[in-house]
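Nothing in this text is a laboratory measurement; each read-out follows from the coordinates by a stated rule. On a predicted model such as this, the values are computed, not experimentally measured, just so you know. Cβ placement follows ideal geometry from the backbone for every residue including glycine, while neighbour counts extend to all protein chains displayed.
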Amino acid sequence: MTSDPDATAAGSAPITDAELADAATLPGVPDEFQRLWTPHRMAYISAGREPMEKNCPFCAAPDKSDEDGLIVARGRTAYVLLNLFPYNSGHLLVCPYRHIATYDQATDEEVAEIGALTQRGMRVLRSVSHCDGFNLGMNQGAIAGAGVDAHLHQHIVPRWASDANFFPIIAKTKALPQLLGDVRRTVAAAWDEAGRG
């Protein structure tokens, strides 16, 4: 067994790779907070706004395979994909292919298809996840909370009567029980079945 000299707590024995460390014995000031480590988000955080302004993720997604782009369905003027940073499992985004920032810039055809895809997305999510309701919305501009403010996108967030708990309210943490790839496969498979109704 090897020991890590950097992991040695003041006044305690070295920690070996076969042991777990009790956080109370490590350097630092203990507090009441629990930490949920999410290192995968660092790529998003460290990239900042500049890459998104030059390389729009909603313009890039349609050029990828459905699996790689997290795309659930493709229409003529708009498409549906999973949110990479979902509020809930099954959180969908409906985007026009054109790079436009706000709803008033959309053509009548784009508005109609965004609406139709939103309705179909709601039917599909209701059939595969048995959700009790939805949050629908478009944040127009960075000041209104749009994460990608240069490309219009509508959120479809499924909600369940039982999903209100202390995690998002107090801990600012969402527990997501399904992986994005699994959700994409489930929703895409059900898209045609629930789409006409």
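Please arrange Ile100, Ile143, Ile114 by counting, for each residue, the other beta carbons lying within 10 Å of its beta carbon, fewest first.
Ordered by Cβ neighbours within 10 Å, fewest first: Ile143, Ile100, Ile114.
Can you compute the modelled spin-label distance between Ala161 and Arg76, with each label point 7 Å from Cα toward Cβ, in nm?
Between Ala161 and Arg76, the simple spin-label model gives 4.1 nm.
In nm, to one decimal, how far is the Val111 label point from the Ser127 one, both placed 7 Å along Cα→Cβ?
Once both label points are built, they end up 2.9 nm from each other.
Which shape class, rounded, prolate or oblate, goes with the range 100-152 when its Cα gyration tensor gives a ≥ b ≥ c as root eigenvalues, a/c under 1.5 marks rounded, and past that a/b bigger than b/c marks prolate?
oblate
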